[in-house]
Each structure stands twice: as C-alpha cells, then as structure tokens.
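Participant: This structure is in structure tokens; I'll ask about it shortly.
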Amino acid sequence: MSLQEKFRGTGIAIITPFNADGSIDWNSFRNLINFWIDGKVEYLVVLGTTGESPTVHGEEKQKLFSFVSEVAAGRVPLVAGIGGNDTNEVLHGFKTFDLKGYDAILSVSPAYNKPNQEGIFQHYKMLDSHTPLPIIMYNVPSRTGQNVTADTQLRIARECENIFGTKEASGDFSQIMHIIKNKPKDFMIISGDDLITLPMIACGADGLISVVANAYPKEYSEMVRLCLSGKFSEALVLHYKYTDIISSIFAEGSPSGVKAYLAQMVLCSNSVRLPVWPVSEKQLKRIIELMKNV
C-alpha cells in the first residue's frame with residue numbers, strides 16, 4: 001500500500017490519558033486505542049499537540065510509542081510525533097527512538113524561535129536527510145508563532161524526497177489553494193483543522209488529522225470518506241452535526257476540551273498536565289448539553 005493510500009482519510013491526533021497524579025493511564029489508553037480503531041479511522045498520530053507532547057519526555061515518550069504500537073498490532077498505520085525548535089534534538093530523536101510498527105513521522109515546524117523561511121526550509125531539509133521514516137510536515141502558526149508560507153511548503157515538497165505531505169492548519173484558504181494547485185502530484189495535503197476539512201477536501205485536500213474524532217471517530221471519519229467520494233450533500237449533514245462540538249472543544253484550549261468529552265463518555269479522566277488545565281464548570285455544562293443534542 002502506498003503512502004497516499006495509507007494516509008488518505010482520517011487520522012486522529014490522539015490524546016494521552018493521565019491519572020489524577022499525572023501518570024499515564026495505561027488501562028484507559030488501551031481501551032481508547034481499541035475504541036478509535038473500532039471507529040474505522042484510517043490511522044493514529046501519537047504525541048502530536050493533542051497528546052500533550054510538550055510534557056512527555058525521554059523514556060516515557062518511548063514507552064508511549066511502544067505501547068500504542070503493541071496495542072494497535074498493525075491494525076492501522078501509525079504516525080509518531082517528533083518535532084521541536086532544536087533541529088539537532090529532533091535528529092537525536094530520529095536516531096534514538098525505536099519506531100517499530102510506525103509508518104511515518106509528523107514533525108511540526110519550529111516554535112518560539114521564529115526562524116525565517118530559509119531557516120524553516122533548512123530545518124526540514126536536515127530532517128529529510130536523516131529521517132528513518134517518511135515525514136508529514138506540520139504548519140500550525142497559531143501555536144508556533146511563524147507561518148510556513150505556501151512557497152516554502154512547495155519548495156519542501158519539491159526538494160525533500162522523504163517529506164510526502166503537509167498537515168496544513170494555517171486556516172488561510174488563499175495559501176491552502178495555492179499549495180494544492182502547485183504541489184507535486186503525489187504530495188499530500190492534510191487538513192489540520194476539523195472545522196474546515198470539508199471545504200479543504202472540496203478544494204483538493206486528501207483528508208484530516210482530527211481532534212474531534214478522539215470522541216466521535218466513527219461518524220467524523222465517515223464524513224471525511226463521504227467528502228473524498230464527492231458525496232458532499234451527505235457529508236454536510238455530519239459536518240454541521242459536529243460544528244458546535246468542534247468549537248466547544250477548542251473554546252478553552254485543546255486537549256482540555258476533547259478530554260472533557262471523553263471523560264463524560266467514561267473513556268478516560270479529564271486529567272491534563274500543567275500548564276494545560278481542565279475546562280471551566282461553565283464550559284463543561286455547555287459540553288454536556290451539546291452531547292445531549294448529539
């Protein structure tokens with residue numbers, strides 16, 4: 001199966017469930033992995049932003065990668081989140097993490113440093129030269145503080161042979177359409193924003209790495225499949241069913257919002273690691289009301 005076949009559709013940027021003391025809740029994690037796979041999503045992304053990757057380090061990160069691989073047992077493709085604002089540290093992760101069972105790496109553009117576009121390109125060029133697996137680059141300027149422009153993403157697509165796609169979360173449709181129009185044929189455009197996935201696919205995107213599918217994997221992955229089949233009138237029904245839920249998930253930060261949903265479903269606790277904090281009581285009441293409507 002080609003990379004384009006493996007990663008066309010819905011991936012989930014999976015949460016990392018914690019106990020009240022901040023340790024990883026392995027029992028809930030096992031149940032969640034089965035819940036997501038049973039929901040017919042196409043693949044799982046481990047330790048993206050939604051997995052609270054900034055507060056999972058070293059040996060614990062390796063345990064988490066290995067655990068997901070063991071439980072998934074080859075049932076779906078897996079993507080490992082390995083990124084950062086120190087290029088050499090990312091390369092060290094490439095060299096030292098055991099990624100048995102993984103099919104690709106998701107690597108976010110450098111945050112906080114705010115490198116210029118040449119610096120961003122050289123960062124990805126270095127990753128491309130040393131990666132053990134194919135890479136999906138990730139542009140999310142609302143978190144990193146620096147947009148990866150359309151021209152830079154297209155340059156990466158053309159010159160970095162091991163980078164086969166981009167998770168695009170700029171929200172800028174002018175930029176998104178420019179990339180889709182001018183990209184190499186096999187370079188994948190993956191939505192990084194649940195709310196605009198339907199119009200992105202209508203413009204030519206290949207799918208989604210989702211947050212809302214943590215809680216609603218079955219219907220949201222079906223919405224994406226309908227879009228990819230050109231059945232937009234049917235997809236719109238599911239799209240609008242979840243728009244308020246998606247907005248509520250991000251209203252007080254992610255993954256606090258989606259963990260509140262999962263806690264109400266009794267799939268895990270709403271525990272997070274500082275500086276992330278659970279949603280307010282007011283927002284929780286809003287979430288419970290939205291769940292009743294669904």
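The values are calculated or read from the model by the stated rules, or taken from the named source; none is laboratory data. Given the structure is predicted, the values throughout are model-derived calculations rather than measurements. Note: ideal-geometry Cβ built from the backbone for every residue, glycine included; neighbour counts use all protein chains shown. What goes into the accessible areas is simple: the full protein's heavy atoms, side chains included, and nothing from ligands, DNA or RNA. Shrake-Rupley method; radii C 1.70, N 1.55, O 1.52, S 1.80 Å.
Participant: So which residues in the range 55-83 are among the small types (G, A, S), farther than 13 Å from T131 by Cα and open to solvent by less than 40 Å² (accessible area, probe 1.4 Å)?
Facilitator: Listed by number, the residues that qualify are S69, A72.
Participant: Has the range 30-47 got at least one residue that is crowded, with 16+ Cβ neighbours inside 10 Å and among the acidic types (D, E)?
Facilitator: Taking every residue of the range 30-47 in turn, at least one turns out to be crowded, with 16+ Cβ neighbours inside 10 Å and among the acidic types (D, E).
Participant: With the requirement that a residue be open to solvent by 20 Å² or more (accessible area, probe 1.4 Å), of a type in the set (A, V, I, L, M) and touching a residue at least 40 places away in the same chain (Cβ under 8 Å), what does the range 233-271 give you?
Facilitator: If the condition is that a residue be open to solvent by 20 Å² or more (accessible area, probe 1.4 Å), of a type in the set (A, V, I, L, M) and touching a residue at least 40 places away in the same chain (Cβ under 8 Å), then M265, L267 are the ones that fit.
Participant: Also, quick follow-up: If A215 passes every condition in (1) open to solvent by 50 Å² or more (accessible area, probe 1.4 Å); (2) under 17 Å from the mean Cα position of the chain (by Cα); (3) without any contact (Cβ under 8 Å) to a residue 60 or more places away in the chain but one, which one does it miss?
Facilitator: Going through the list (1) open to solvent by 50 Å² or more (accessible area, probe 1.4 Å); (2) under 17 Å from the mean Cα position of the chain (by Cα); (3) without any contact (Cβ under 8 Å) to a residue 60 or more places away in the chain, A215 breaks only (1).
Participant: For V45, which of the numbered conditions (1) touching a residue at least 60 places away in the same chain (Cβ under 8 Å); (2) part of a helix (DSSP H, G or I); (3) within 16 Å of the chain's Cα centre (by Cα) fails to hold?
Facilitator: Unmet condition: (2).
Participant: Which helices (runs of 4 or more DSSP H) does the range 184-294 wholly contain that include 1 or more residues that are of a type in the set (K, R)?
Facilitator: 217-228, 232-250, 256-264, 281-293
Participant: Take I136 and tell me if it is touching a Pro at 6+ places or on another chain (Cβ under 9 Å) and aliphatic (A, V, I, L, M).
Facilitator: no
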